[in-house]
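Enquirer: Would you mind keeping the following structure in view while I ask a few things?
Every number in this text was worked out from the coordinates using simple rules, so none of it is lab data. Being a predicted model, the structure only gives us computed values, none of them experimental. No Cβ is skipped: glycine too gets one built from the backbone with ideal geometry, and neighbour counts run over all protein chains shown.
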Amino acid sequence: MLEDTSFAIHPEKENGTRNQAFSDIGKLLTVGKKADYHLFHCEGGEVAIRFYRDDIVRIVMNPLSAPRMEVSKAVIAQPQKVAVKETEDVKEYKLETNRLRLHIQKAPFRILITDQNGSHLVAEAALGMGSKANGEVIAYKALQEKDHFYGFGEKTGHLDKRGEKYEMWNSDVYAPHNPETDPLYESIPYFMTLREGSAHGIFFDNTYRTFFDMGSHESYYSFKAEGGQLDYYVFAGPEPKTVLEQYTYLTGRMPLPPKWALGYHQSRYSYETEEEVRELADQFIARDIPLDVIHLDIHYMNGYRVFTFDQDRFPNPEKLITDLREMGIRVVPIVDPGVKKDAEYPIYQEGVNQDLFCKYIEGDIYFGEVWPGVSAFPDFTDEKARKWWGEKHAFYTKMGIEGIWNDMNEPAVFNETKTMDVNVMHRNDGDPTTHRELHNVYGFLMGQATYEGLKEQLEGKRPFLLTRAGYAGVQRYAAVWTGDNRSFWEHLQMALPMIMNLGISGVPFAGPDVGGFAHDTNAELLTRWTQVGAFTPYFRNHSAIGFRYQEPWQFGEKYEAIIKKYIRMRYEWMPQLYSLFYEASKTGLPVMRPLLMEFPRDEKTYNINDQFMLGDNVMIAPIMMPSVTDRAVYFPAGMWIDVETGATYEGNKTHLIHAALDKLPIFVKRGSAIMQTVWESNKEKAYKILMLHVFAGEDGDSYQFTYYDDDGETFAFENGDYLQLNIDIRSTAERITLSVEKSGAYIPPYHEINLMLVGRKEGQHVIINGEKCKGNPVITLV
Ligand code: GLC
């Protein structure tokens, strides 16, 4: 209709078809110095350069005005005092720290970042940084032939992201997750570059819709945003591990989770009644299959109203939770952000009366449709709303609940755009701005509200939070599951690079729905998937309404026995896993690592998608294909021992490994060790027996690691109530020498550690803290 009017020749229509070019930042005009940063005034905008540490620099370009030096909610670090050497000649400015050198060319304005030896880290391409009149900002960076890219949070596809294009816009995607399905639920605009063994990182801290193009051009890559500033941080590396330390220094680290959250979780959309949940728990107990958590999906609520239980389906939730707890099982309910529009529903009343919901600038509440029907959405960008939401969780914590599952927090809305109107105006803690700018942090802030509320209410106990949506820094509040995958072998395969890249993106606590969410799973797939799940940081079996039930026993005894073996294995490895989680909470290093993280100079590891490291000495090479029982496994440098057979494999080689359905190939590096326990029962999960398996080395092998333990539940460890053993193992042809250094005040239920020697040579004797061992070697703790 409009086409018949003058609208047909609307000027915007013409512009819309032309791809408006970015205008370059142009020449440097003047330089100013602020308290702790430099300000470069150029023709096409102003650029601020601030050092956060001598190995972390922030660059902010604002095309319109002076750069805003506030940070997004992702950044928690304050800039340190950094000694910066400053020089200038006719062509360039130079800013130099002990670790980084910035060559700032004056005309046109270009920044070259090198390490202290002059090796290029981040160089601007012929095109530099630029902007468009519509508010877009972009950075073009030189691409080198040997660049490999990792991170980008939660993305499908392979481990190495070179050649890919990504968008960051938190999206609810039920459609199959294909290699081209993008974006998904999380936005982590961060990546690490690995170039001939050296690594550096870039975090583009812009919460608008952002885009990364790592492959359209031969000589450069680019990142851009729909609005806001070109605001990014460069991390000097030089190891992949140091980049992780630097990135998580800036955006924070995962708090140590409660030990129970590392156990096995059973979920289903939905276990619909109290009876069904009790029956489920009884099955686990009767079959002696370990279980820590049962999730309650949306059916537990009264008409999908958050902070309620359906009286018919769950007449006595408190008793259910108490009874299950006595069996050693916890309950984690789902909580979505949508609050049902219902004038008689107290949460909705409070939200309206206290002005806590997202609104348009004109003052109307934004309504969108989700599970409960028409709903309002708390404005988590506002401190008052965050606090209110957190406090509401007393409804759950009073019943004994210590963990929450946040879903649909992109936020998902059942409409064309899949989300909230981008014109909604968020309060943003006193600095109001649109949903277009804050969409990507909505779920992150819901996580903050929830985690902080739970922490307050649990009075010293550690909360557990699982989330679907998030932004950079989400690790501070929540574990992440990768959303609605399917029961396809391809999705099992995809989960590995996905979780490894999440780990590189600062999120160590992540996992996929084991068995696959949508679609019917099958016996073999569930079995192979459970083997993998037993070693991914987060371990939850979850399936969708209308599809086959996939609890461990659903496919008969043969499969149940194998599935049970691996769920138990998760618990046998718990001492090892918990130590790795502790390390992640301290350093940001992921629990599950791509091989390149441990072997960054071995190019063969750069795109290994179907193997992973657990910590620095265990390598896992699962079978992820139907009807397959043999696979090629690449072994990096060193000698590797199969934990089940004791067979040794030489590194820098690929070997063919046989793994029948009941076998997950796990290899430990010779000369190193792992800590294990014995499965007791669901009621008695605290381990009483501890075993240190030492994979005897030969001449010169040495290994150091930290074993960590505490009460698993409270924050008492922050006041010294932990047990830490720094263990050093050295092997020669004659002896295996262990030195164990103990610290911390925690007294564990076990009083000694049994040393189990694997592959000890004839004549090799064992020395512990200077004493030669006779009989079965033991490390005494008291
Ligand atoms: C979403 C979630 C899924 C959940 C379902 C019902 O699809 O991703 O895990 O089971 O909603 O709440």
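Enquirer: Cross-link candidates for LYS33: which aspartates and glutamates have Cα within less than 13 Å, leaving aside residues fewer than 8 places away along the same chain?
Expert: GLU46, GLU86
Enquirer: Continuing with this model, one more query. Quick check: convex hull over the Cα atoms of segment 673-780, volume per residue in Å³, rounded to an integer?
Expert: On the way: hull volume 10.8 nm³, N = 108.
Taking only Cα atoms, segment 673-780 has a hull volume of 100 Å³ per residue.
Enquirer: What fraction, in whole percent, of alpha-carbon pairs in segment 313-401 exceed 15 Å separation?
Expert: Details: 2554 of 3916 pairs.
In whole percent, the share of Cα-Cα pairs in segment 313-401 beyond 15 Å is 65.
Enquirer: I would also like to ask the following. Go from 0 up to the bin containing the longest alpha carbon distance in segment 172-214, width 10 Å each, and give me the % of pairs per bin.
Expert: Taking all Cα pairs of segment 172-214, the binned fractions are 21, 42, 30, 7 percent.
Enquirer: Looking only at Cα atoms, what is the convex hull volume of segment 1-151 per residue, in Å³?
Expert: 183 Å³
Enquirer: Find how much the distance from GLU276 to LYS132 grows on full extension, using 0.36 nm per residue of separation minus their present alpha carbon separation; answer in nm with one decimal. Please report the intermediate quantities before stating the final value.
Expert: Values: separation 144, 0.36 × 144 = 51.84 nm, distance 5.74 nm.
Here the segment from GLU276 to LYS132 would lengthen by 46.1 nm.
Enquirer: What share of all Cα pairs of segment 390-521, in percent, falls into each consecutive 5 Å distance bin?
Expert: 2, 10, 16, 17, 18, 17, 12, 5, 1, 0
Enquirer: Which three lengths, in whole Å and largest first, does the chain cover when its Cα atoms are put on their principal axes?
Expert: 87, 69, 51
Enquirer: With point charges of +1 on the Cβ of Lys and Arg and -1 on the Cβ of Asp and Glu, referenced to the Cα centre of segment 673-780, which listed residue (SER681, ASN726, MET691) lies farthest in the positive direction of the dipole?
Expert: Working it through, the farthest residue towards the positive pole turns out to be MET691.
Enquirer: Note the per residue figure in Å³ for the convex hull of the C-alpha positions in segment 25-251. Intermediate values should be presented prior to the final figure.
Expert: Numbers: hull volume 27.3 nm³, N = 227.
Spelled out: Cα convex hull of segment 25-251, divided by residues, is 120 Å³.
Enquirer: Also: Charges on Cβ only, +1 for Lys and Arg, -1 for Asp and Glu, centred on the Cα centroid of the chain; of PRO594, ASN178, SER131, which one is farthest towards the dipole's positive end?
Expert: PRO594
Enquirer: Still on this structure: Please state the charge dipole magnitude for the chain, taken about the Cα centre, from unit charges on C-beta atoms (+1 on K and R, -1 on D and E), reported in debye and rounded to the nearest 20. The partial results should precede the final answer.
Expert: On the way: 83 positive and 111 negative charges, 360 e Å.
It works out to roughly 1740 debye.
Enquirer: Roughly how many debye, to the nearest 20, is the charge dipole of segment 673-780 about its Cα centre, given +1 on each Lys and Arg Cβ, -1 on each Asp and Glu Cβ, and no other charges?
Expert: Values: 10 positive and 17 negative charges, 89 e Å.
Here segment 673-780 has a charge dipole of around 420 debye.
Enquirer: So, one more: Taking the Cβ of GLY228 as the center, what net charge do the other residues with Cβ under 14 Å away carry, scoring Lys and Arg +1 and Asp and Glu -1?
Expert: Numbers: positive: ARG68, LYS73, LYS132, ARG209, LYS224, ARG436; negative: GLU70, GLU136, ASP205, GLU226, ASP231, ASP431, GLU437.
Around GLY228, the surrounding residues sum to -1.
Enquirer: Select from MET327, TYR634, ILE779 the residue farthest towards the positive end of the dipole of the chain; place +1 on Cβ of Lys and Arg, -1 on Cβ of Asp and Glu, and compute about the Cα centre.
Expert: ILE779
Enquirer: I've got another one for you. Using the Cα centre of segment 258-320 as the reference point, and only Cβ charges (+1 on K/R, -1 on D/E), how large is the resulting charge dipole? Debye, rounded to the nearest 20.
Expert: Values: 7 positive and 12 negative charges, 49 e Å.
Dipole of segment 258-320, to the nearest 20 debye: 240 debye.
Enquirer: Which value in deg cm²/dmol, rounded to the nearest 500, describes the helix-derived mean residue ellipticity at 222 nm for the chain, given -39,500 (n - 2.57) per DSSP H run of n ≥ 4 and division by the residue count? Provide the component values of the computation, followed by the final result.
Expert: Numbers: 14 runs with 146 residues, N = 782.
Taken over the chain, the calculation gives -5500 deg cm²/dmol.
Enquirer: Taking 1 over the mean of 1/r across every pair of different Cα atoms in segment 168-265, what Kirkwood radius in Å do you get? Mind dumping the intermediate values first?
Expert: Values: mean 1/r = 0.0631 Å⁻¹.
By the Kirkwood definition, the hydrodynamic radius is 15.9 Å.
Enquirer: Right, something else. Apply the Karplus parameterisation 6.51 cos²θ - 1.76 cosθ + 1.60, with θ equal to phi minus 60°, to every residue of segment 401-411 and state each ³J(HN,Hα) to the nearest whole Hz, in sequence, with x for glycine and proline.
Expert: Per-residue couplings from phi come out as 7, 10, x, 10, 10, 8, 10, 6, 9, 5, x Hz.
Enquirer: For LYS94 and ASP36 in one chain, what is 0.36 nm times their gap in residues minus the Cα-Cα distance, to one decimal in nm? Please report the intermediate quantities before stating the final value.
Expert: Details: separation 58, 0.36 × 58 = 20.88 nm, distance 1.58 nm.
Extra length from LYS94 to ASP36 when fully extended: 19.3 nm.
Enquirer: Here's something else I'd like to know. What is the Cα centroid distance between segment 296-373 and segment 531-577, reported in whole angstrom?
Expert: If we compute the Cα centre of each part, the gap is 29 Å.
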